Each structure stands twice: as C-alpha cells, then as structure tokens.
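Here the structure is laid out as structure tokens; the discussion comes afterwards.
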Amino acid sequence: MQIPEIKKHLSIATVLAHYGIKVDKHSHIKCPFHKDDKPSCKIYPETNTYNCFGCGKTGDQIQFIQDMESRKLSGCSKHEALKIATELIGNKNINNTDAMGIAEKQGSVKEEDFETLFAKQKESLPRSPKALEYLKQRGLSQEIEI
C-alpha cells in the first residue's frame, strides 16, 4: 500500500483511539508530547492533521504515530510508523503495492528481496537519462554499489 492510500484509509480519529486519546467537543486534546494541563492540541479531522499551540508539534496521522512511538522507544522511523498505520487499517491490501510503490507478485504478501530489486534497478539505469545525469552531478559511477 502506498503512503497516500494509507493516509486516505486511516483517519486521525482512529489513530487517537488507538492511543486511548479522546477529543473534546472543540476538537482539542491534551497534548501527549508535553505537560499540558489544558487541551492545547487542535485536531483537524477534515485533513487528518494536528497542531499543538503549546509545544509546536504538528503533522498528519503518520507523524502522530511516529511522535507517539518515539516517546515509548528511543525513536521511531517513518517506516516503522507506516507499518503501524497499515496495521491500524487492518492490513487491507488495497492495490497490491507497498509504501514505496513496488508491486507485489500476484496479490500475495510476498516481499521482493532487495538484492533482486537492486539488480533490476541497476540494470535499467543506462536507459534513464535523468538517473545518469544525477550520477554525473554527484560524481558517482554506475559501478558503485551500496
């Protein structure tokens, strides 16, 4: 599932409910990212975003997950937040692509190994003038591998 689809199918209300956070009648919550004695974080359900007027945290439902998980762990990457978001949706495989837009084979949940993916992309590199120009600008050669 690609990021826009995740955002389309996951409301900020679902994310807040997952973390046990209730929105008041004015669409405010006590901000979980700083000590907040009065609700200072505004929730915008129409855009699935939030903004805290106390600490300045702002973002969408994915950023909220990332911020909440970072409190529990010693940090949370966007990739980890996207995994949690996908779980909250219920792992609906809407169009059989992952967050990077790579198609899954025959509707299965099979992951393509990165070595094969890298080889395919490296093979197609000479056919992309834009990619070749990028390499040239960065002073990289086609032979370099990460």
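Here are a few things to note about the model shown:
- Lys7 closer than 18 Å to Thr58 by Cβ, of a type in the set (D, E, K, R), open to solvent by 60 Å² or more (accessible area, probe 1.4 Å) and more than 17 Å from the chain's Cα centre (by Cα): no
To keep it simple, each residue is scored yes or no on (1) small (Gly, Ala, Ser); (2) exposed (fewer than 15 other Cβ atoms within 10 Å of the Cβ).
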position: Ala17; (1), (2): yes, yes
position: Lys22; (1), (2): no, yes
position: His28; (1), (2): no, no
position: Cys31; (1), (2): no, no
position: Lys35; (1), (2): no, yes
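- For region 105-146, residues that are of a type in the set (Lys, Arg) and either at pLDDT below 80 or open to solvent by less than 70 Å² (accessible area, probe 1.4 Å) (or both) total 4.
The values are calculated or read from the model by the stated rules, or taken from the named source; none is laboratory data. As the structure is a computational prediction, the values presented were derived from the model and not from experiment. Don't worry about glycine lacking a Cβ; one is built from the backbone with ideal geometry, like all the others, and counts go over all protein chains shown. Just the protein is used for accessible areas: all its heavy atoms, side chains included, with ligands, DNA and RNA removed. Shrake-Rupley method; radii C 1.70, N 1.55, O 1.52, S 1.80 Å.
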